[in-house]
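Before any comments, here is the structure.
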Amino acid sequence: MPPRPHEALQRETALREHGVSRTEQVASAVLEIDGTISVVPFQEPTVHKMRHVKSSRNR
């Protein structure tokens, strides 16, 4: 059965509310009991920089 127009509109609205513009950016989407759609977007990998700290103990 093809999706109904109002279902597609609800899905697109839920994606926009969560800052997602395309379905490919969604890791998970859940239809909640109250009828709302919860969206979990994919996260970009976080880059952590290492700080080089010079020790003053051995000077």
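Key figures
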| read-out | value |
| --- | --- |
| Leading residue by the ranking (modelled with the highest pLDDT) among those in region 36-59 that are among the polar types (S, T, N, Q) and surrounded by fewer than 10 Cβ atoms within 10 Å (Cβ to Cβ) | 43 |
| The one condition in (1) modelled with pLDDT of 85 or more; (2) surrounded by 10 or more Cβ atoms within 10 Å (Cβ to Cβ) that residue 32 fails to fulfil | (2) |
| Residue 27 being out of contact with any helix residue (DSSP H, G or I) (no Cβ under 8 Å at 6 or more places or on another chain), surrounded by fewer than 11 Cβ atoms within 10 Å (Cβ to Cβ), on the phi < 0 side of the Ramachandran plot and modelled with pLDDT of 70 or more | yes |
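The values are calculated or read from the model by the stated rules, or taken from the named source; none is laboratory data. Model, not experiment: these values are computed from the prediction. All Cβ positions, glycine included, derive from the backbone under ideal geometry; neighbour counts span all protein chains shown.
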